[in-house]
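Nothing in this text is a laboratory measurement; each read-out follows from the coordinates by a stated rule. Nothing here was measured: the structure is a model prediction, and the numbers come from that model. Every residue, glycine among them, receives a Cβ derived from its backbone with ideal geometry; neighbour counts consider all protein chains shown.
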Amino acid sequence: MRKSIKWSFVARGVAICSTILFVLLPLAIYIALSPVVAQPLYSKLIFQPTKYPTGDWSYATIRGIKPTDADFKSENGNSLHGLINYLAPKRQCS
């Protein structure tokens, strides 16, 4: 004699598995990778600047405007460095 399948148990199993797969798993991944929880991961892997001599330090020219180095002092006396992009003169439409 053949046993009949109880479809209510199958449907309940499918519902539980789909809830875990599509709701709880993405939520757990989102929480695990959030900046509050994964701060050590972000600090060690993502936001590590390189020391000065290494890296690409050429300044890109954008639409014919080349940045100029600027050294200045802050209100509390710290020396700061930045780049200034002067606007190109307006062109006359002909």
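Listed values [x] 2, 10, 10, 12, 12, 11, 8, 7, 8, 8, 8, 3, 1, 0; [y] 2, 12, 16, 16, 14, 11, 9, 7, 5, 3, 2, 1, 1, 0; [z] 2, 8, 7, 8, 9, 9, 9, 8, 7, 6, 6, 5, 4, 4, 3, 2, 2, 1, 0 include one computed from this model; for P(r) over Cα pairs in 5 Å bins from 0, in percent that value carries the label [z].
Between the Cα long axis of helix 7-19 and the first principal axis of the chain there is an angle of about 10°, rounded to the nearest 10.
Within segment 2-90, report the trypsin sites (Lys or Arg not before Pro) that DSSP leaves as loop and that have at most 16 other Cβ atoms within 10 Å.
When the trypsin sites (Lys or Arg not before Pro) of segment 2-90 are filtered for loop state and at most 16 Cβ neighbours within 10 Å, R2, K3, K6, K51, R63, K90 remain.
Net length available on complete extension from V14 to L41 is 6.2 nm, with 0.36 nm assigned per residue and the Cα-Cα distance removed. Take every pair of alpha-carbon atoms less than 8 Å apart whose residues are at least six positions apart; their mean separation over the length of segment 7-84 yields a relative contact order of 13 percent.
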